[in-house]
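So the structure is just underneath, and the comments pick up after that.
Values quoted throughout were computed directly from the atomic coordinates according to the rules given, and no laboratory measurement underlies them. These numbers were taken from a predicted model, which means no experiment stands behind them. When we count neighbours, we look across all protein chains shown, and the Cβ atoms used for this are built from the backbone with ideal geometry, even at glycine.
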Amino acid sequence: MHIGVAYADKFKRTWLTLDVPDDCTVREAIERAGLLQQYPDIDLDNQRVGIFGKLTKPDAKVQDGDRVEIYRPITADPETVPRRDQED
């Protein structure tokens, strides 16, 4: 089964595609992608993960074509950060 795994920190974005077994979980996909070695600050016990922008659990099974995502914690309070105006 062919999937993608994505993660971005402040400085770098990583998008990897890989083949995984049919019974692979989100956690196993992240481990197989090597992101835990590349980004030692990732803590799957505390960070949220998702598939195509929807939160899921690390033990959820992935399906062919899924994009597994690791989300960083929010570092700014959205209520205190000024809004950026969008230009039309």
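Once you have the Cα-Cα distance between PHE52 and TYR71, take 0.36 nm times their residue separation minus that, and quote the gain in nm to one decimal.
So the extension gain works out to 5.7 nm.
Computed from label points 7 Å out along Cα-Cβ, the spacing between THR17 and GLU31 is 2.5 nm. With contacts taken as Cα pairs under 8 Å at a separation of at least 6 residues, the chain carries a relative contact order of 34 percent. Placing a pseudo-label 7 Å from each Cα along the Cα-to-Cβ vector at GLN38 and ASP9 gives an inter-label distance of 1.2 nm.
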